[in-house]
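Trainee: Dropping a structure here in structure tokens format, bear with me for questions.
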Amino acid sequence: MSRLGRLDDFARSDLIIAAAGLLIALAVFELIRSFAENMVMPIIFAIFGATEFPFLTLTIGDAELAYGLVLIPVIALAIVCALVVPLWRAHLKYDGLSETRSCPECLTSIPMAAKRCPECTAVLTPEAG
């Protein structure tokens, strides 16, 4: 095998795809964190009358809880979840599950064009998708 062939296989490997996905995810998360910090938090500050995170506190007895420091990660997480849940549902809907059917003998999920069940080996008639 030539050196170019090995590099081509490496470029298509799952590791490179995962690394690229991770870098994109980190960039998107940083964008969302910045949006939460610079767009959402000023609205919260206007509502509560504070201008900085440490001033958003809750006092219980002698303890002072600085909940303002936790708001940006919580808001960023909520935005990420609001974006990921619809994407995940769309993925589940269109990931090829609609191109399967159940075997009439053993109820195993099989491709629509299957001629024989891989579990019970029943002979099937192919169905059009």
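Trainee: Kindly indicate the residue of region 55-66 that is under 20 Å from Glu37 (Cα atoms) and assigned to a loop (DSSP other than H, G, I, E, B) and also modelled with the lowest pLDDT among those meeting that condition.
Mentor: Leu56
Trainee: Condition first: surrounded by fewer than 15 Cβ atoms within 10 Å (Cβ to Cβ) and in contact with a helix residue (DSSP H, G or I) (Cβ under 7 Å, 6 or more places away or on another chain). Now tell me which residues in region 22-34 satisfy that.
Mentor: Of everything in region 22-34, just one residue is surrounded by fewer than 15 Cβ atoms within 10 Å (Cβ to Cβ) and in contact with a helix residue (DSSP H, G or I) (Cβ under 7 Å, 6 or more places away or on another chain), namely Phe29.
Trainee: Before we move on, is Met1 more than 30 Å from Thr125 (Cα to Cα), modelled with pLDDT under 85 and over 22 Å from the mean Cα position of the chain (by Cα)?
Mentor: Working: more than 30 Å from Thr125 (Cα to Cα): yes; modelled with pLDDT under 85: yes; over 22 Å from the mean Cα position of the chain (by Cα): yes.
It is true that Met1 is more than 30 Å from Thr125 (Cα to Cα), modelled with pLDDT under 85 and over 22 Å from the mean Cα position of the chain (by Cα).
Table: residues versus (1) in the same structural domain as Val84 (by TED's automatic domain parsing); (2) within 29 Å of Val84 (Cβ to Cβ); (3) of a type outside the set (S, T, N, Q); (4) at pLDDT below 85.
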{"residue": "Leu22", "(1), (2), (3), (4)": "yes, yes, yes, no"}
{"residue": "Ala27", "(1), (2), (3), (4)": "yes, yes, yes, no"}
{"residue": "Ser34", "(1), (2), (3), (4)": "yes, yes, no, no"}
{"residue": "Pro42", "(1), (2), (3), (4)": "yes, yes, yes, yes"}
{"residue": "Phe48", "(1), (2), (3), (4)": "yes, yes, yes, yes"}
{"residue": "Phe53", "(1), (2), (3), (4)": "yes, yes, yes, yes"}
{"residue": "Gly68", "(1), (2), (3), (4)": "yes, yes, yes, yes"}
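Trainee: Would you point out which residue out of Pro118, Pro86 is outside any helix (DSSP H, G or I) and farther than 30 Å from Phe55 by Cβ?
Mentor: Result: Pro118 is the single residue among Pro118, Pro86 that is outside any helix (DSSP H, G or I) and farther than 30 Å from Phe55 by Cβ.
The values are calculated or read from the model by the stated rules, or taken from the named source; none is laboratory data. What you see is a predicted model, and the numbers here were worked out from it, not measured in a lab. Virtual Cβ from ideal backbone geometry, glycine too; neighbours counted across all protein chains shown.
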